[in-house]
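Only one structure is covered here, and it is reproduced in the block below.
The values are calculated or read from the model by the stated rules, or taken from the named source; none is laboratory data. Not measured: the values here are computed from a predicted model. Methodologically, a virtual Cβ is constructed for each residue, glycine included, from the backbone with ideal geometry; neighbour enumeration extends over all protein chains shown.
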Amino acid sequence: MYNYTDFDSAFIKERNAQFRAQVERRIDGALTEDEFKPLRLMNGLYLQLHAYMLRVAIPYGTLNSRQMHVLADIADNWDKGYGHFTTRQNIQYNWPELRDVPDMLDALAEVQMHAIQTSGNTIRNVTADHFAGAAADEIADPRPVAELIRQWSTDHPEFQFLPRKFKVAVTGSPNDRAVTRAHDIGLRMIERDGLAGFEVIVGGGLGRTPMIGKVLKDFLPREDLLPYLEAIVSVYNLLGRRDNKYKARIKITVHENGLDDFKARVEERYALIRPQFSGVDQQMLAAIEADFALPTFRKEAVRDYHDARQHYPAFRSWADTNLAEHREPDYAIVTISLKAHGATPGDATSGQMRLMADLAKRYGHDELRISHEQNVILPHVHKNDLPSVYSALRAAGLGTANVGLISDIIACPGMDYCALATARSIPIAQEIATRFDELKLEHDVGPLKIKISGCINACGHHHVGHIGILGLDRAGVENYQITLGGDGTQDASIGERAGPGFSAEEIIPAVERLVMAYLDLRSEPAETFLQTYRRLGLAPFKAALYPEAQANAA
Amino acid sequence: MAREFKPKVVTANALLEGDVIYQTASGWTRDLSQAEVLTDEADADLRLIDASQQTDLVVGAYLADVDASGATPKPTHFREDFRARGPSNYAHGKQEALSNV
């Protein structure tokens with residue numbers, strides 16, 4: 001993992017001292033709220049419905065056990081004993097008091113963490129494949145590049161006041177687990193003629209105008225990355241609209257000006273600034289890469305794992321859903337579900353955080369990851385240790401065998417916390433998970449991604465859910481719209497709106513009708529919901545959702 | 001004909017704690033039932049200006065509709081109902097304070 005240099009530590013320390021003074025000046029009245037708000041947002045502090053919220057970056061979703069322990073301590077010392085892991089690989093604390101936030105930031109700095117640029121119109125926390133450095137299907141570990149981008153973008157003087165927020169995601173695998181096509185810039189590490197480089201995707205995004213990103217450069221040599229990124233953001237900074245917040249994201253800039261025009265401007269800018277990059281960035285990247293050297297994997301024949309699979313059905317079920325293929329055949333990637341049926345998606349108590357940290361330390365080469373799907377990952381576990389890991393997780397309420405299934409739901413905080421929300425998300429996720437647990441159907445249903453947003457800003461990624469749910473306020477009542485067929489992978493697509501929305505009471509039965517229809521419609525058990533949808537289209541699912549309309553038409 | 005003025009309360013978040021507060025005749029309360037109900041539009045505007053000037057105490061003051069037909073004001077919109085109570089996934093926020101009484 002990346003270790004802070006003296007420069008990094010001094011920078012964070014200075015920023016925290018500045019923010020401490022800013023908080024004091026706000027409290028003693030020297031700063032108005034209008035003056036203070038941009039300052040607190042630059043440091044990840046929001047004011048939400050019931051309290052302040054501190055959003056802490058977990059760069060590219062990677063952390064070690066010591067950092068996870070501190071996240072748990074912060075939850076106990078200054079919050080209500082839990083934290084919420086988000087779709088942007090951050091953690092949010094929902095209940096801090098203003099006076100305590102500088103102490104929370106200092107505690108984070110002790111373990112090389114911060115909340116800088118987790119808000120505001122800046123380049124946000126750079127996200128990456130949560131299986132980075134471990135996945136069997138990976139070309140290269142995307143995290144060194146993500147770290148380089150973090151260093152380049154943090155406090156970048158030209159990019160502190162962009163037209164709007166700016167999100168970058170990187171994947172090193174052809175199987176895109178980082179939703180790169182729904183980011184302002186998505187980077188896919190590729191190889192061409194033996195050379196390492198990137199496919200650069202631009203102008204993707206969800207929100208009120210969902211768009212799949214477009215390929216701006218089909219092959220960018222690796223060493224040209226930073227100047228090319230700087231050229232893109234620089235063009236956007238000047239060209240992006242500042243007159244209308246809803247048209248300010250780069251997806252609109254690219255859409256309104258056209259990809260060719262945008263590309264020409266980027267190339268022109270690139271030609272101008274390329275000579276300024278003398279290669280120092282590549283030297284830094286080489287140093288960062290050394291920090292991400294693979295752990296020394298244990299050589300030991302796999303034995304206990306097979307025994308446990310044979311004798312313990314619960315373990316086998318968990319292993320079938322929650323493990324992914326590791327680059328080392330004797331190892332596995334463990335996804336710990338933060339989606340126990342009926343629980344709040346993405347929440348972990350301080351006790352659970354400590355347990356996961358201890359398991360990572362003991363069995364997982366001291367590494368943890370946070371996924372955009374709001375789960376926690378132990379990326380490197382020897383298969384012989386899996387039974388021990390599972391039983392410890394299970395005892396802590398973390399043994400749910402549902403990763404990738406219908407109850408592994410992404411849900412934004414919604415109107416239970418968020419000031420922007422138009423409806424609640426969490427209770428809908430809780431009820432869907434509880435219902436399908438009662439039906440004992442989810443393993444039969446198989447891979448199915450439900451994603452729920454509590455407003456049009458789409459933090460819950462509903463546009464790329466196989467079943468997407470969008471909560472709205474319709475004449476003072478919560479109302480839920482369904483979209484179908486969305487996909488956040490390399491075959492990304494935006495879901496199609498199914499029809500009129502449903503009330504909070506109607507939405508769970510509506511989802512159930514959809515799933516039952518799928519079970520009837522699929523050509524064979526191996527055909528997933530998304531495949532069936534792509535084969536048959538919206539009509540049969542619409543008929544299941546709106547049986548009355550069907551009856552009236554008949 | 002002039003539009004009917006619906007009863008209102010002035011609400012905001014507390015600067016230090018961040019939680020939901022309501023204006024009373026003489027200060028602020030954390031309990032909606034204690035809030036001052038405003039039935040006159042001009043009066044409500046003045047009370048909001050007064051609240052907005054208290055920048056050392058409150059953030060983001062605004063007027064929220066209430067149902068004033070009972071003994072105490074009640075929220076009319078679900079958002080205000082959640083603000084007055086707390087989140088639905090945990091007994092945190094105001095519902096926690098109430099259960100500790």
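Given the structure, is A:Leu285 crowded, with 17+ Cβ neighbours inside 10 Å, at pLDDT 95 or above and farther than 22 Å from A:Lys214 by Cβ? Walk me through how you get there before you give the answer.
Values: crowded, with 17+ Cβ neighbours inside 10 Å: yes; at pLDDT 95 or above: yes; farther than 22 Å from A:Lys214 by Cβ: yes.
In short, yes.
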Identify, please: which residue in region A:7-32 is within 30 Å of B:Ala64 (Cα to Cα) and buried (at least 17 other Cβ atoms within 10 Å of the Cβ) and is, among those, nearest to the chain's Cα centre (by Cα)?
A:Val23
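Name the single residue, out of those in region A:211-242 being among the small types (Gly, Ala, Ser) and more than 24 Å from the chain's Cα centre (by Cα), that is surrounded by the fewest Cβ atoms within 10 Å (Cβ to Cβ). Even if it seems obvious, please write down each step before you answer.
If we filter region A:211-242 for residues that are among the small types (Gly, Ala, Ser), which is where we start, we get A:213, A:231, A:234, A:240.
Next, from what is left, pick out any that are more than 24 Å from the chain's Cα centre (by Cα): A:231, A:234, A:240.
On the way: A:Ala231: 21, A:Ser234: 19, A:Gly240: 22.
Here the answer is A:Ser234.
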Checked region A:34-56 for anything surrounded by fewer than 21 Cβ atoms within 10 Å (Cβ to Cβ), farther than 19 Å from A:Asn125 by Cβ and not hydrophobic (A, V, I, L, M, F, W, C); matches are A:Asp34, A:Glu35, A:Lys37
Exclusive hit being under 24 Å from the mean Cα position of the chain (by Cα) and at pLDDT below 95, set A:Arg249, A:Arg208
A:Arg208
For B:Ala97, which of the numbered conditions (1) buried (at least 18 other Cβ atoms within 10 Å of the Cβ); (2) among the hydrophobic types (A, V, I, L, M, F, W, C); (3) within 13 Å of chain A (Cβ to nearest Cβ) fails to hold?
(1)
Within 22 Å of A:Leu45 (Cβ to Cβ) and either among the acidic types (Asp, Glu) or at pLDDT 95 or above (or both): which single residue out of A:Asn64, A:Asn125, A:Asn94 fits that description?
A:Asn94
Between residues in region A:63-76 that are touching a residue at least 24 places away in the same chain (Cβ under 8 Å) and residues that are surrounded by fewer than 19 Cβ atoms within 10 Å (Cβ to Cβ) and assigned to a helix (DSSP H, G or I), which pairs lie under 8 Å by C-beta distance while being six or more apart or on different chains?
A:Ser65/A:Asp358; A:Ser65/A:Lys361; A:Val70/A:Ala107; A:Val70/A:Glu110; A:Ala72/A:Gly351; A:Asp73/A:Ala107; A:Ile74/A:Ala107
Let me confirm something: among A:Asn125, A:Asn94, A:Asn121, which residue is under 20 Å from the mean Cα position of the chain (by Cα), within 14 Å of another protein chain (Cβ to nearest Cβ) and on the phi < 0 side of the Ramachandran plot?
A:Asn94
Matching option when the condition is in contact with a strand residue (DSSP E or B) (Cβ under 8 Å, 6 or more places away or on another chain), modelled with pLDDT of 95 or more and of a type in the set (Lys, Arg), among A:Arg535, A:Arg522, A:Arg497
A:Arg497
Which members of region A:408-430 meet the condition of being within 9 Å of another protein chain (Cβ to nearest Cβ), in a loop (DSSP other than H, G, I, E, B) and not aliphatic (A, V, I, L, M)?
A:Pro413, A:Tyr417, A:Thr422, A:Arg424
So in region B:68-78, with the set limited to residues that are surrounded by 14 or more Cβ atoms within 10 Å (Cβ to Cβ) and hydrophobic (A, V, I, L, M, F, W, C), which one is nearest to the other protein chains (Cβ to nearest Cβ)?
B:Phe78
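Among the residues of region A:126-147, which ones are hydrophobic (A, V, I, L, M, F, W, C) and surrounded by 24 or more Cβ atoms within 10 Å (Cβ to Cβ)?
Filtering region A:126-147 down to residues hydrophobic (A, V, I, L, M, F, W, C) leaves A:126, A:128, A:131-132, A:134-136, A:139-140, A:145-146.
A:Val126, A:Ala128, A:Phe131, A:Ala132, A:Ala134, A:Val145, A:Ala146 - these are the residues of region A:126-147 that are hydrophobic (A, V, I, L, M, F, W, C) and surrounded by 24 or more Cβ atoms within 10 Å (Cβ to Cβ).
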Residue that is farthest from A:Ala544 (Cα to Cα), among those in region A:435-485 that are among the aliphatic types (A, V, I, L, M) and within 14 Å of another protein chain (Cβ to nearest Cβ):
A:Ala475
Of the residues in region A:344-375 that are in contact (Cβ under 8 Å) with a residue 60 or more places away in the chain, in a loop (DSSP other than H, G, I, E, B) and farther than 23 Å from A:Lys449 by Cβ, the one that is nearest to the other protein chains (Cβ to nearest Cβ) is A:Glu367
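Quick check on this structure: which one of B:Asp65, B:Asp56, B:Asp81, B:Asp40 is surrounded by fewer than 20 Cβ atoms within 10 Å (Cβ to Cβ), more than 18 Å from A:Ala51 (Cα to Cα) and within 14 Å of another protein chain (Cβ to nearest Cβ)?
Numbers: B:Asp56 fails: more than 18 Å from A:Ala51 (Cα to Cα); B:Asp81 fails: more than 18 Å from A:Ala51 (Cα to Cα); B:Asp40 fails: within 14 Å of another protein chain (Cβ to nearest Cβ).
Sole residue among the options that is surrounded by fewer than 20 Cβ atoms within 10 Å (Cβ to Cβ), more than 18 Å from A:Ala51 (Cα to Cα) and within 14 Å of another protein chain (Cβ to nearest Cβ): B:Asp65.
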Among (1) touching a strand residue (DSSP E or B) at 6+ places or on another chain (Cβ under 8 Å); (2) not in a loop (DSSP other than H, G, I, E, B), which single condition is A:Ala109 missing?
(1)
With (1) crowded, with 19+ Cβ neighbours inside 10 Å; (2) at negative phi; (3) facing chain A (nearest Cβ under 10 Å) as the list, and B:Leu16 as the residue in question, which single condition is left unmet?
(1)
B:Glu4 acidic (Asp, Glu) and modelled with pLDDT under 95
yes
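Conditions (1) closer than 30 Å to A:Gly205 by Cα; (2) buried (at least 18 other Cβ atoms within 10 Å of the Cβ); (3) touching a Leu at 6+ places or on another chain (Cβ under 9 Å), marked per residue:
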position: A:Leu71; (1), (2), (3): yes, yes, yes
position: A:Asp76; (1), (2), (3): no, no, no
position: A:Thr86; (1), (2), (3): yes, yes, no
position: A:Val101; (1), (2), (3): no, yes, yes
position: A:Glu110; (1), (2), (3): no, no, no
position: A:Ala115; (1), (2), (3): yes, yes, yes
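Scan region A:204-252 for residues that are part of a strand (DSSP E or B) and not basic (Lys, Arg) and jot them down. Steps first, answer last, please.
Step one: filter region A:204-252 for residues part of a strand (DSSP E or B), giving A:205, A:211, A:214-221.
Those that are part of a strand (DSSP E or B) and not basic (Lys, Arg): A:Gly205, A:Met211, A:Val215, A:Leu216, A:Asp218, A:Phe219, A:Leu220, A:Pro221.
Which one is nearest to the other protein chains (Cβ to nearest Cβ), of the residues in region B:43-53 that are among the hydrophobic types (A, V, I, L, M, F, W, C) and surrounded by fewer than 17 Cβ atoms within 10 Å (Cβ to Cβ)? Walk me through how you get there before you give the answer.
So the first thing to find is which residues in region B:43-53 are among the hydrophobic types (A, V, I, L, M, F, W, C), and the list is B:44, B:46, B:48-49, B:51.
Subsequent filtering for residues that are surrounded by fewer than 17 Cβ atoms within 10 Å (Cβ to Cβ) retains B:46, B:49.
Working: B:Leu46: 20, B:Ile49: 15 Å.
Among those that are among the hydrophobic types (A, V, I, L, M, F, W, C) and surrounded by fewer than 17 Cβ atoms within 10 Å (Cβ to Cβ), it is B:Ile49.
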Assuming A:Ala264 fulfils every condition listed in (1) farther than 30 Å from A:Val376 by Cα; (2) touching a residue at least 12 places away in the same chain (Cβ under 8 Å); (3) among the small types (Gly, Ala, Ser) apart from one, which condition is it?
(2)
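Please find, among A:Leu393, A:Leu398, A:Leu386, A:Leu405, the residue that is more than 14 Å from every other protein chain (Cβ to nearest Cβ), in a loop (DSSP other than H, G, I, E, B) and farther than 25 Å from B:Ala91 by Cβ. Write out each step before concluding.
Working: A:Leu393 fails: in a loop (DSSP other than H, G, I, E, B); A:Leu398 fails: farther than 25 Å from B:Ala91 by Cβ; A:Leu386 fails: in a loop (DSSP other than H, G, I, E, B).
Answer to the selection: A:Leu405.
Each row is one residue, and each column tells you yes or no for (1) within 14 Å of B:Pro75 (Cα to Cα); (2) more than 14 Å from every other protein chain (Cβ to nearest Cβ); (3) in a loop (DSSP other than H, G, I, E, B).
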| site | (1), (2), (3) |
| --- | --- |
| B:Val10 | yes, yes, no |
| B:Ile21 | yes, no, no |
| B:Ser33 | yes, yes, no |
| B:Glu36 | yes, yes, yes |
